[in-house]
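See below for the structure under consideration.
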Amino acid sequence: MALLIKGGEIITADSRTRADIFIEHETITSIGLDFYPPPGTEIIDATGKLVFPGFIDPHVHIHLPFMATFAKDTHATASKAALIGGTTTFIEMCCPSRNEDALDGYNTWKQKAEGHSFCDYAFHMAVTRYDAATEAQLREIVRDGTTSFKVFLAYKNFFGVTDEELFNSLTLAAELGVITTAHCENAELIGQLQQALLAEGKTGPEWHEPSRPEAVEAEGTARFATFLEQTGATGYVVHLSCAPALRAAVEAKLRGVKLHIESVVPHFLLDKTYAEREGIEGMKHVMSPPLRDKRNQPALWSALQAGLIDTVGTDHCPFDLEQKLLGTNAFTQIPNGIPGIEDRVNLMYTYGVKRGVLDIHRFVDALSTRPAKLFGLFPRKGTIAVGADADLVVYDPEYRGTISVATQHTNNDYNGFDGFYIEGRPTHVTVRGKVQVRNGVFVGEPGRGHLIRREPQCNIGAHHAG
C-alpha cells in the first residue's frame, strides 16, 4: 500500500523544509507539495510534527552470553522497544568468546535475529582471537556483508585480544576495507586494580569506577590509535566516556589517524554517583567504561556539537535485577550494562536539542546520518531522499512525559533513566514504508526487519572539526 506523510517539517542532517513524502514499494518516491495520491493510499497527517530519517543505533547487545548469564532481550522485544523510541535500524555486536568458533558464533547470532526483528539490523563482528582459521572465517563473514569488526581491549581471557592479535586484526581490516570498532581500556591494568581493591575489602558497586579509572580508558584509546596509525586501518572508538579519552582520540584525529568516536547516552546524562548508591541501586548503573565524574559531561556535549564525537549509541545491554545481584559479594561479578535502546532519541532530543546544547541537524547527523555513512548504510538509510528506504519518524515536539520502568518495552525490570522527564516522542514510525508505530502505539509486523548486508566502506577519512 502507498503511504503519504503530509504537512510535516522534514529535518535531515543538512536541511529543513516543509513538504510531503510519498512512499511506494518500500522507498521514498517523491518529496514535494500538492500530491494527489492514488485511491487506497494511507495518509498520515504530520501537521505540527517533525519528520526525521529513521534513527540508527550503532551499538547494541541483544543476544549476549556474558559474565555467567545472558542479556534479557530477544530480537522481538529489543526491536519493538527500538521502534517505539524512533530507532529503525540497529547494529548488534556479534560477540562469541575466545573459546568459541567465530563462524559458528556469527551464524548463531544471525539465526537468533532472522525472522524475529521488527526493524532492520546489521552486525559488527567481534574478533576475540586471531589465528589462521579465524582469518579465513573473517574473510567469509565480510563477503557475507558484515563489514565492520569489533575488538575488546578489556575482558582479558574472555573477549579481549592481545596486542599481536590487535595488530593482525587491524592489518586484515585495512586490507579488506572494513572499519574496526574498539572497546578501549587496558585489560592488564584493570585486572591489577580489581585485585587490589578486592584484597582491601572494597567489594561494592562504588568501586567499579576506581577499578577502571579515566586514565585506563585514555591509555586504551591512545594505544588503539597508535595501532591504527601503524596499520593504516580505520577505527571507531565505542562508548567513549571521559575528557582524557576524548583528548587522546582528538589528538590522533589531528595527526591524521582515521579514527571516529562514539559516545553513548548514559555518559551524557548519568554520572558515577548513580553507581555509588547502596546495593542494587548502585549495581543497576554498572557498565564499562563506568559512569564518570559529572565534570566530563560538558566536554562530551561540546565535542558532540562540534562533530568531534561522531555518533551517539546506547551500548544497550539489559540485565535484570536478579542478574545484577550476582555481584553482591564482588563488584567484578556484576554483569556490565544499562538498557537504553528505547530512550536514546527522546533523551538526546530533550537534553540536547531542547536545552540548546545540540543543534537539531547535528542531532540527526549523530543519531542517524553519520552512523549510516560510517557503516555502509547510506544513502539507503540515514536520510530522507528519493530512492532511500522509507524509514521515517514522525515526531511530536509538544509531547511531555516521564520515562518509567512501568511503561518501557525492553525486556528488563529496571530502567537506568527511570523518572527522567522528556519533551517530545515519536508518534509514527515506518520501516521501509510499513507503519510499525501509529499514534505512539506499537502495531508492528513480525519479521519486518531484514539483515542489511553492507559493502566495505573504508575510504572514509576521519572527520575533523570545522
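Any read-out appearing in this document is the output of simple, stated calculations on the displayed coordinates, not a laboratory observation. What you see is a predicted model, and the numbers here were worked out from it, not measured in a lab. Positions of Cβ are backbone-derived with ideal geometry, glycine not excepted, and every protein chain shown enters the neighbour counts.
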ask   = Which pairs in the list Lys150/Lys202; Lys112/Lys294; Lys72/Lys354; Lys253/Lys294 are over 29 Å apart, alpha-carbon to alpha-carbon?
value = Lys150/Lys202; Lys112/Lys294; Lys72/Lys354
ask   = Between Tyr399 and Thr47, what length comes free when the chain is fully extended (0.36 nm per residue of separation minus the Cα-Cα distance, one decimal in nm)?
value = 125.3 nm
ask   = Taking neighbour counts of Cβ atoms within 10 Å as a proxy for exposure, in what order, fewest first, do Ser30, Ser263, Ser368 appear?
value = Ser30, Ser263, Ser368
inquiry  = So, R0 is 25 Å and r is the distance between the beta-carbons of Glu445 and Ala2; what FRET efficiency does that work out to, to 0.05?
reply    = 0.90
message = Suppose a student asked you for the relative contact order of segment 54-374, using Cα pairs under 8 Å spaced at least 6 residues apart; what percent would you report?
response = 19 percent
key: Interchain or long-range residues, amide H under 5 Å from Val437's placed H   = Val429, Val443
Cα-based helix-to-principal-axis angle, 187-199 vs the chain, degrees rounded to 10 = 70 degrees
Reachable aspartates and glutamates, given that their alpha-carbon falls under 13 Å from the alpha-carbon of Lys110 and they are not under 8 places away in the same chain = Glu92, Asp120, Asp144
ask   = Roughly speaking, what is the stretch gain from Tyr421 to Thr74, that is 0.36 nm per residue apart minus the C-alpha to C-alpha distance, in nm to one decimal?
value = 122.2 nm
key: Paramagnetic reach from Arg438 in segment 8-41 [backbone N under 16 Å; point 7 Å along Cα→Cβ]   = 40-41
5 angstrom amide H check on Gly313, placed H, neighbours 5+ away = Ser263, Val264, Val265
task = Just add up the charged neighbours of Gly48: K/R +1, D/E -1, any other residue whose Cβ is under 10 Å from the Cβ of Gly48.
result = -3
ask   = Given the rule -39500 (n - 2.57) for each run of at least 4 DSSP H residues, summed and divided by the residues of the chain, what is its mean residue ellipticity at 222 nm, to the nearest 500 deg cm²/dmol?
value = -8000 deg cm²/dmol
ask   = Tell me, Ile309, Ile452 in order of fewest to most beta-carbon neighbours within 10 Å?
value = Ile452, Ile309
request  = Show which aspartates and glutamates lie in cross-link reach of Lys272 when reach means a straight Cα distance below 14 angstrom and same-chain residues fewer than eight apart are skipped.
outcome  = Glu206, Glu209, Glu214, Glu281, Asp293
task = Mind sorting Arg277, Arg292 by how few other Cβ atoms lie within 10 Å of their own Cβ, fewest first?
result = Arg277, Arg292
key: Between helix 163-176 and the chain: long-axis angle, C-alpha atoms, 0 to 90°, nearest 10   = 30 degrees
request  = Obtain the nm distance between the two label points defined at His361 and Leu254 by a simple spin-label model: each point lies 7 Å from its Cα along the Cα-to-C-beta direction.
outcome  = 2.6 nm
query = If the chain were replaced by its equivalent ellipsoid, with semi-axes equal to the square roots of 5 times the Cα gyration tensor eigenvalues, what would those be, largest first, whole Å?
reply = 34, 25, 21
